[in-house]
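A quick write-up on the structure given underneath.
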Amino acid sequence: MAVEVRCWRTMMKPLAGLKVLDLTRFFAGPFCTMLLGDHGADVVKVESPGGGDQTRRQGPPFKAENGMTFFAGNRNKRSLVLDAKTEEGRDLLFQLASRADVVVENFRPPVLKRLGIDYERVSAANPGVIYASLSALGPDGPQGDRGGFDITVQAEFGFMSISGEKNGKSIKQGTSVFDLVTGLYAYSGIVTALLQRKETGRGQRVETSLMESQVSFLVDAAMEYLIAGKVREKWGSEHSQIVPYKVFSTRDGEVVIGAGYQTVYEPFVRAIGREDLITDPRFATLAVRVENRDEMYRILDEEIAKYTNAEIIALLDKATVPNAPVNNVAQVFSHPQLLHRKMLLSLDHPQYGSVPTIGPAVKYSGFDVAEGWRAPPLLNEGAESVIEDWLGNSEPRKAAHAVRS
């Protein structure tokens, strides 16, 4: 039997041909639609007159007058400035939604109805549409009309209460992590709905929120409460159920050591010359180490502080004990493994110049996901081609110049 061999670098990306109308701003929604664009979808980012997406102005620092959050969430898109306060603008917006495979929005429900692009109206005109709604707390329920940001949801729904040093002030995560999680959930929900559409021929609404995404990430902290009735405290870099497992200070830096399980605990204490800790009844099993964590860490802190980072890492690598230096962001982007896995790429733009970007977290043997990636667009960049590609010579195209700026 003959086997067809296809070059993976030239194969069409799986979402090629899909039209995505991006009605989102800030970070969660743009991150979702960027992922769709990364995989081949034609993403049109609709922006308001007077500056567009607020993240363009979020800073400093800036590059070409755009903030870093804009660059982080908007590659592989075209920009269309549209004034939805005008009748012409609302009509054009509805016509675009009527031709889209996917609509992604993060407005409150009353705004969508006022603009005439709520799910009910769009799906009546376009039964195959996948209409994804992202919100702070969900689109309905007793508080569904409340807005919110990553930090407010982390505070209200538990994550901030378990983040920070023991007995210290609650802290947010180092990035807007649940904006990103929500964007990922929305992306996977859209792809799932597209797969179902192949079977049914019909679209559907996909809903997710910062609250639902964040609560899903409470995982074992949630189970501690739901099953054992125990409210988790702040543990800093420690783990509530695994010891030793934290950041240790060395003579010249910090190193993480994860050696709680017996299979790595015993090689760990042997490597640092403290084999006596294997048989010490206070530390002989994981369960008693958890109970006696303060005394365990008093001993280990003293031992690890004798070494430099390079010395303890070499020692533990030889013993196959999980460890890592605490690197800053500059060190991360010079890391040989990150560079080998192409997690740092560069995109060229005629006005921005070279724009660094984070590489794809998922690679495929069937196609090069990063092939053809484009830098985030200038405001209104690609508007003419959007109107031509999506609407052709239809009536809304004649009104396009009146609603773009």
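Out of the residues in region 272-298 that are of a type in the set (A, V, I, L, M) and surrounded by 19 or more Cβ atoms within 10 Å (Cβ to Cβ), state the one that is nearest to Thr320 (Cα to Cα).
Here the residue is Ile272.
Residue under question is Glu105, and the condition is that it be closer than 30 Å to Ala370 by Cα, among the acidic types (Asp, Glu), under 26 Å from the mean Cα position of the chain (by Cα) and at pLDDT 95 or above; does it hold? Even if it seems obvious, please write down each step before you answer.
Values: closer than 30 Å to Ala370 by Cα: yes; among the acidic types (Asp, Glu): yes; under 26 Å from the mean Cα position of the chain (by Cα): yes; at pLDDT 95 or above: yes.
So Glu105 passes the test.
Among the residues of region 151-167, is any of a type outside the set (Lys, Arg), at negative phi and more than 22 Å from the chain's Cα centre (by Cα)? Lay out the reasoning, then the answer.
First, the residues of region 151-167 that are of a type outside the set (Lys, Arg): 151-165, 167.
Checking the rest, the ones that are also at negative phi come to 151-157, 159-163, 165.
If we keep only those that are more than 22 Å from the chain's Cα centre (by Cα) too, we end up with 165.
Yes, region 151-167 contains a residue that is of a type outside the set (Lys, Arg), at negative phi and more than 22 Å from the chain's Cα centre (by Cα).
Answer with yes or no whether Ile304 is surrounded by 16 or more Cβ atoms within 10 Å (Cβ to Cβ), modelled with pLDDT of 95 or more, more than 31 Å from the chain's Cα centre (by Cα) and β-branched (Val, Ile, Thr). Show your work before the answer.
Values: surrounded by 16 or more Cβ atoms within 10 Å (Cβ to Cβ): yes; modelled with pLDDT of 95 or more: yes; more than 31 Å from the chain's Cα centre (by Cα): yes; β-branched (Val, Ile, Thr): yes.
The answer is yes for Ile304.
Looking at region 109-136, which of the residues that are among the small types (Gly, Ala, Ser) and closer than 24 Å to Arg202 by Cα is surrounded by the most Cβ atoms within 10 Å (Cβ to Cβ)?
Going through region 109-136, the residues among the small types (Gly, Ala, Ser) turn out to be 116, 123-125, 128, 132-133, 135-136.
From what is left, the residues that are closer than 24 Å to Arg202 by Cα are 116, 123-125, 128, 132-133, 135.
On the way: Gly116: 15, Ser123: 20, Ala124: 10, Ala125: 12, Gly128: 14, Ala132: 29, Ser133: 24, Ser135: 26.
Once the filter is applied, the top-ranked residue is Ala132.
Identify all residues within region 66-104 that are acidic (Asp, Glu) and touching a residue at least 12 places away in the same chain (Cβ under 8 Å); write none if there are none.
Filtering region 66-104 down to residues acidic (Asp, Glu) leaves 83, 87-88, 91, 101.
Answer for region 66-104, where residues must be acidic (Asp, Glu) and touching a residue at least 12 places away in the same chain (Cβ under 8 Å): Asp83, Glu88, Asp91, Asp101.
Here are some residues: Gly260, Gly236. Which one is small (Gly, Ala, Ser), under 34 Å from the mean Cα position of the chain (by Cα) and open to solvent by less than 20 Å² (accessible area, probe 1.4 Å)?
On the way: Gly236 fails: open to solvent by less than 20 Å² (accessible area, probe 1.4 Å).
So the residue among Gly260, Gly236 that is small (Gly, Ala, Ser), under 34 Å from the mean Cα position of the chain (by Cα) and open to solvent by less than 20 Å² (accessible area, probe 1.4 Å) is Gly260.
Within the set of pairs 6+ apart or on separate chains, which have a first residue in region 12-27 that is open to solvent by 20 Å² or more (accessible area, probe 1.4 Å), a second that is of a type in the set (Asp, Glu) and not in a loop (DSSP other than H, G, I, E, B), and C-beta atoms under 7 Å apart?
Qualifying pairs under 7 Å: Leu18/Asp42; Lys19/Asp42; Phe27/Asp179.
Given the condition open to solvent by less than 60 Å² (accessible area, probe 1.4 Å), in contact with a Phe, Trp or Tyr (Cβ under 8 Å, 6 or more places away or on another chain) and either over 30 Å from Leu18 (Cβ atoms) or not in a helix (DSSP H, G or I) (or both), answer yes or no: does some residue in region 206-213 qualify?
Restricting attention to region 206-213, the residues satisfying the condition of being open to solvent by less than 60 Å² (accessible area, probe 1.4 Å) are 206, 208-211, 213.
If we keep only those that are in contact with a Phe, Trp or Tyr (Cβ under 8 Å, 6 or more places away or on another chain) too, we end up with 206, 208, 210-211, 213.
Narrowing the set further to residues that are either over 30 Å from Leu18 (Cβ atoms) or not in a helix (DSSP H, G or I) (or both) leaves 206, 208.
Scanning region 206-213, I find at least one residue that is open to solvent by less than 60 Å² (accessible area, probe 1.4 Å), in contact with a Phe, Trp or Tyr (Cβ under 8 Å, 6 or more places away or on another chain) and either over 30 Å from Leu18 (Cβ atoms) or not in a helix (DSSP H, G or I) (or both), so the answer is yes.
Applying the selection to region 165-205, what residues are closer than 30 Å to Val247 by Cβ and in a helix (DSSP H, G or I)? It would help to see each step written out before you state the result.
Going through region 165-205, the residues closer than 30 Å to Val247 by Cβ turn out to be 165-185.
Listed by number, the residues that qualify are Val177, Phe178, Asp179, Leu180, Val181, Thr182, Gly183, Leu184, Tyr185.
Say we look at region 54-65 and pick out the residues that are under 20 Å from Gly148 (Cα atoms) and touching a residue at least 12 places away in the same chain (Cβ under 8 Å); which of these is most open to solvent (accessible area, probe 1.4 Å)?
That would be Gln58.
Which pairs do you get when a residue that is among the hydroxyl-bearing types (Ser, Thr, Tyr), found in region 127-141, comes within reach of a residue that is open to solvent by less than 30 Å² (accessible area, probe 1.4 Å) and assigned to a loop (DSSP other than H, G, I, E, B), reach meaning Cβ atoms under 8 angstrom, with the pair 6+ apart or on two chains?
Tyr131/Gly203; Ser135/Gly144
For a quick check of your reading: which helices (runs of 4 or more DSSP H) sit entirely within region 220-302 and have at least 2 residues that are in contact (Cβ under 8 Å) with a residue 40 or more places away in the chain?
Working: elements: 262-271, 276-279, 286-291.
Answer list for region 220-302: 262-271, 286-291.
Considering only region 19-35, how many residues are over 13 Å from the mean Cα position of the chain (by Cα), of a type outside the set (D, E, K, R) and not in a strand (DSSP E or B)?
So in region 19-35, the residues over 13 Å from the mean Cα position of the chain (by Cα) come out as 19-25.
Of the ones still in play, those that are also of a type outside the set (D, E, K, R) are 20-21, 23-24.
From the residues that got through so far, the ones that are not in a strand (DSSP E or B) too are 24.
Total satisfying the criteria: 1.
Residue-by-condition table, conditions (1) closer than 22 Å to Gly392 by Cα; (2) charged (D, E, K, R); (3) open to solvent by 10 Å² or more (accessible area, probe 1.4 Å):
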{"residue": "Cys32", "(1), (2), (3)": "no, no, no"}
{"residue": "Asp38", "(1), (2), (3)": "no, yes, no"}
{"residue": "Gly52", "(1), (2), (3)": "no, no, yes"}
{"residue": "Lys77", "(1), (2), (3)": "yes, yes, no"}
{"residue": "Val104", "(1), (2), (3)": "no, no, no"}
{"residue": "Phe107", "(1), (2), (3)": "no, no, yes"}
{"residue": "Gly138", "(1), (2), (3)": "no, no, no"}
{"residue": "Gly147", "(1), (2), (3)": "no, no, yes"}
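Within region 344-375, can you find the residues that are surrounded by 15 or more Cβ atoms within 10 Å (Cβ to Cβ), part of a loop (DSSP other than H, G, I, E, B) and not hydrophobic (A, V, I, L, M, F, W, C)?
Once the filter is applied, which keeps residues that are surrounded by 15 or more Cβ atoms within 10 Å (Cβ to Cβ), part of a loop (DSSP other than H, G, I, E, B) and not hydrophobic (A, V, I, L, M, F, W, C), region 344-375 yields Tyr352, Gly359, Pro360, Asp368, Arg374.
Among the residues of region 136-144, is there at least one that is over 25 Å from the mean Cα position of the chain (by Cα), modelled with pLDDT under 95 and among the hydrophobic types (A, V, I, L, M, F, W, C)? Break it down into steps so the answer makes sense when it comes.
Within region 136-144, the subset over 25 Å from the mean Cα position of the chain (by Cα) is 141-142.
Of the ones still in play, those that are also modelled with pLDDT under 95 are 141-142.
After this cut, where a residue has to be among the hydrophobic types (A, V, I, L, M, F, W, C) as well, the list is none.
No - not one qualifying residue is present in region 136-144.
For region 308-316, state whether one or more residues are open to solvent by 70 Å² or more (accessible area, probe 1.4 Å), in a loop (DSSP other than H, G, I, E, B) and touching a residue at least 40 places away in the same chain (Cβ under 8 Å). Spell out how you get there, then give the answer.
Residues of region 308-316 open to solvent by 70 Å² or more (accessible area, probe 1.4 Å): 310-311.
Applying the additional criterion that residues be in a loop (DSSP other than H, G, I, E, B) yields none.
Scanning region 308-316, I find no residue that is open to solvent by 70 Å² or more (accessible area, probe 1.4 Å), in a loop (DSSP other than H, G, I, E, B) and touching a residue at least 40 places away in the same chain (Cβ under 8 Å), so the answer is no.
The values are calculated or read from the model by the stated rules, or taken from the named source; none is laboratory data. Values in this document were obtained by computation on a predicted structure and should not be read as measured data. No Cβ is skipped: glycine too gets one built from the backbone with ideal geometry, and neighbour counts run over all protein chains shown. Ligands, DNA and RNA are excluded from the accessible area calculation, which covers all protein heavy atoms including side chains. Shrake-Rupley method; radii C 1.70, N 1.55, O 1.52, S 1.80 Å.
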